[in-house]
Structures are given as C-alpha cells and as structure tokens.
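Here is the structure we will look at.
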Amino acid sequence: MFTTLRAKVFAGFLLILLLLVGLGGYAIYSLASLADTTSGAVERSAEQSVANTSMYESLVRIDEAELRMLTGDTLDAGPVLAEEPAHFYYALQSAWTASTPQDSSSKLLNDIESRWDHYHSQLDYFYGLALHRPLVARKFYEDTLEREIDTLRARNLALQEMNFNAFQTAKLTAKTRAKESTLGVIFVAAIALAVGFAGSYVIAQRTIQP
C-alpha cells in the first residue's frame, strides 16, 4: 500500500497523529466521567445545605415571634407568624428538589415534613390564645410548641450533618476518581508511546530500504 517514499513518510506521521487523537480522546473521556460522577452529588449537597439553612432560620424566626407574642408584642410578631411558615415550606420543597429517592436524607425529610405539618396546624390556635388568653397561650407554648419546634430544629441539624457527610464522601470520591483517571491516562500514554516507537521504527526501516 505504502510503496513510495512519500507514502511511507506520510504513514509515519499518520500513526503519530492517530496515537495523539486516541490519547486525547481517552483523556477527555476520563475528565468527563470524573465530572459526571462527582458534580451531581456535590451540587445536590450544596443545594440541600442552603435549603436546610433557610429552614433552620425560619424556625428560629417563628420561635422568636411566638415568644414576642407571649410578651404582648402582637403588632410585630403577628406578621412573622403569618408569613414565615411559607418561607419554611418553600425551603423544605427546595430540599426535596435537591434530593433523590435513593438519598438517605429522604426518610429524614419525610419526618421533618410530617412534624412541620402538625406544628403548622397549631400556629393559628396559638395566635388566638396569645391575643385573648395569654396565660393559656404560655402554657400551650411551654407544653407543646416549644418541644415540637426543638424537635424540628434537631431534625434539621441532623439533616445538615447528613449533607456535610455526603459532601465529604463526594469529595473523597472525586479524589479517588481523579487518581484513577491520572493513572489511566499515564497507562494509555505509555502504550501509545510504545506503539508509536515500534511503529515508527518499522516504518523508518522500510523507508530507508533501497
């Protein structure tokens, strides 16, 4: 096939070109595989962490508003109790969006949502008591609402810790995959170098023949 000198020289350069293309393709594949493996998990952990922080802040604001209601500050605390639950629920839905059915956080999110629904259903009742029967409202807060909101905050902190652990796992996975990809590229490069050397030697030998 390669009978002329020009064709033999071209064959040598073509072999080197094909090896370079193969090595570059494998390197691109390794990097893309690394990104697919780790970016999704890291992204979900970050999004859920932001949502968890928003939920916790909402719970703190709701609890503060309840305490202010008990001191008679209904003018400022009332709007907070009316508006803040929507912010909490939005953050909860964001946390759900950032999770998958296979995530270990799904069970904890179910528990948080169930407890939140029960807690939220009692806020209007507490608001009415705080306006008309403050002593009964205080007892209701101490016996029921305080315990429930503390439980919600504890669950939220547990979810935050779970997300942190997931982030750490994703980081370790990324390091492992990066090491594997680096070793894979070195291995393929070594094979390409060996094939290129052998092929170039053979082509050179045939090229210089009379």
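Per-atom-type breakdown for the stretch 45-191 gives carbon and sulfur 59% of the accessible area (1.4 Å probe, protein chains only). Per residue, the solvent-accessible area of the stretch 137-197 (1.4 Å probe, heavy atoms of protein chains only, all protein chains present) comes to 62 Å². Converting phi to 3J(HN,Hα) with the Karplus coefficients 6.51, -1.76 and 1.60 and the offset θ = phi - 60°, the stretch 148-159 yields 5, 6, 5, 5, 4, 5, 5, 5, 5, 5, 5, 5 Hz in sequence order, with x at every glycine or proline. Only protein heavy atoms count here; on that basis, with a 1.4 Å probe, residue 147 has an accessible area of about 140 Å².
Each listed q (0.17, 0.23 Å⁻¹) maps to a log10 I(q)/I(0) for the stretch 89-183, found by the Debye formula over equal Cα scatterers with no solvent: -0.83, -1.12.
The values are calculated or read from the model by the stated rules, or taken from the named source; none is laboratory data. Since the structure is predicted, the reported quantities are computational estimates derived from the model, not experimental observations. With ligands, DNA and RNA removed, areas are computed over all heavy atoms of the protein, side chains included. Shrake-Rupley method; radii C 1.70, N 1.55, O 1.52, S 1.80 Å.
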